[in-house]
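Since the structure comes first, as structure tokens, the remarks are kept for the end.
The values are calculated or read from the model by the stated rules, or taken from the named source; none is laboratory data. Predicted model only: the values in this text are computed from it and were never measured. All Cβ positions, even for glycine, are placed from backbone atoms using ideal geometry, and neighbour counts span all protein chains on display.
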């Protein structure tokens, strides 16, 4: 199935521990919680993560529906378990936001096997540091290894990685494409519980380049303009319709969704304010999960009667859509943009090094972006 359904019992001392029904030894869920956090309740959510025991069986009533019988079989498990929304945490870091001083939280979607990408992000745009008194913190969002893989060893490796860096949030659902939306809703709930003091969130993939200074400049402009409450900025896609090509990764059958999509941003990278993130969490709980996470967030924005803001600095389809174009490897674009998708770990490290070089001289910013915009 798409969901990795197990039962867990959580034992609480000063820190949390998890015991798996697979019989593995208890492993730490790092970080304890303060009295203030335990007492805090926002929008009716609990003061701590409360998805402690999960036994989520399929919704068998769906099988009786005519539309379900016509539905492409690859979507059956998703639909049957669509009501399974929040999952036990295998690794938690409530202390990440504890000091209440984080200006920007970099939240990166990843999978267990992509350790080289996480290493590259930590060494480049995801490095935790302070810029002009503004703290930047980083977290990676993970699910569990899919069936058929060396599950126990992979889990031990990710726990060891987290012991070193302390920057991983992991939930007990299978890390599959259809479950990316679970990362969205579980993170929004986690953020609402634990991150009262964080001001902005950048949410992105582990294969993007982010120019952190330009991102902070954009935040500064929005603060000066007092346009923070509804801030949701990225590479906006408007007037899109579901893809009906069965060979496409983003294929959606008519039985599942049969109307145009609301405006949404490419999930490679976008910026939002904490105020809006909390409102998205509230409305997300009343929406059925959708198998494309970018579109799901667009649906949440639509519920709030908002649309994402388009910004030319976010290039979630690359600098040009022709991947063979030499412009996609031109460092001056990376110096003047905010987000560029898609790079390997090696390309990210190399481009970061070039862009940070003070000897790099580029032409006028506006001319550069204008050239890029017509590609």
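Filtering the stretch 90-105 to residues that are closer than 21 Å to residue 156 by Cα and either part of a loop (DSSP other than H, G, I, E, B) or without any contact (Cβ under 8 Å) to a residue 60 or more places away in the chain (or both) leaves 92, 93. Residue 156 meets the conditions (1) more than 17 Å from residue 267 (Cα to Cα); (2) surrounded by 19 or more Cβ atoms within 10 Å (Cβ to Cβ) in every case but one. The failed one is (2). Residues that are modelled with pLDDT under 90 and either surrounded by 15 or more Cβ atoms within 10 Å (Cβ to Cβ) or touching a strand residue (DSSP E or B) at 6+ places or on another chain (Cβ under 7 Å) (or both) do occur in the stretch 338-350, at least one of them. For residue 263, indicate whether it is surrounded by 14 or more Cβ atoms within 10 Å (Cβ to Cβ) and in contact with a strand residue (DSSP E or B) (Cβ under 7 Å, 6 or more places away or on another chain). Against the criterion (surrounded by 14 or more Cβ atoms within 10 Å (Cβ to Cβ) and in contact with a strand residue (DSSP E or B) (Cβ under 7 Å, 6 or more places away or on another chain)), residue 263 qualifies. Say whether the condition of being without any contact (Cβ under 8 Å) to a residue 24 or more places away in the chain, more than 23 Å from residue 227 (Cβ to Cβ) and either in contact with a helix residue (DSSP H, G or I) (Cβ under 6 Å, 6 or more places away or on another chain) or in a loop (DSSP other than H, G, I, E, B) (or both) is met by at least one residue in the stretch 261-284. Looking for residues that are without any contact (Cβ under 8 Å) to a residue 24 or more places away in the chain, more than 23 Å from residue 227 (Cβ to Cβ) and either in contact with a helix residue (DSSP H, G or I) (Cβ under 6 Å, 6 or more places away or on another chain) or in a loop (DSSP other than H, G, I, E, B) (or both), one finds none in the stretch 261-284, hence no. Quick check: anything in the stretch 177-199 within 24 Å of residue 346 (Cα to Cα), in contact (Cβ under 8 Å) with a residue 24 or more places away in the chain and surrounded by 16 or more Cβ atoms within 10 Å (Cβ to Cβ)? Scanning the stretch 177-199, I find no residue that is within 24 Å of residue 346 (Cα to Cα), in contact (Cβ under 8 Å) with a residue 24 or more places away in the chain and surrounded by 16 or more Cβ atoms within 10 Å (Cβ to Cβ), so the answer is no. Which residue is surrounded by the fewest Cβ atoms within 10 Å (Cβ to Cβ), if the candidates are limited to the stretch 215-245 and must be in contact (Cβ under 8 Å) with a residue 12 or more places away in the chain, part of a loop (DSSP other than H, G, I, E, B) and touching a helix residue (DSSP H, G or I) at 6+ places or on another chain (Cβ under 9 Å)? Once the filter is applied, the top-ranked residue is 229. Within this structure, residue 257 fails the test of being over 24 Å from residue 194 (Cβ atoms), surrounded by 13 or more Cβ atoms within 10 Å (Cβ to Cβ) and under 19 Å from the mean Cα position of the chain (by Cα). Scanning the stretch 172-197 for residues that are more than 15 Å from residue 108 (Cβ to Cβ), in contact with a strand residue (DSSP E or B) (Cβ under 9 Å, 6 or more places away or on another chain) and not in a helix (DSSP H, G or I) yields 172, 173, 174, 176, 195, 197. When the stretch 111-158 is limited to residues that are closer than 17 Å to residue 179 by Cβ, in contact with a helix residue (DSSP H, G or I) (Cβ under 6 Å, 6 or more places away or on another chain) and not in a strand (DSSP E or B), the one that is modelled with the highest pLDDT turns out to be 112. Every test in (1) assigned to a loop (DSSP other than H, G, I, E, B); (2) at pLDDT below 95; (3) surrounded by fewer than 22 Cβ atoms within 10 Å (Cβ to Cβ) is passed by residue 328 save one, and that test is (1).
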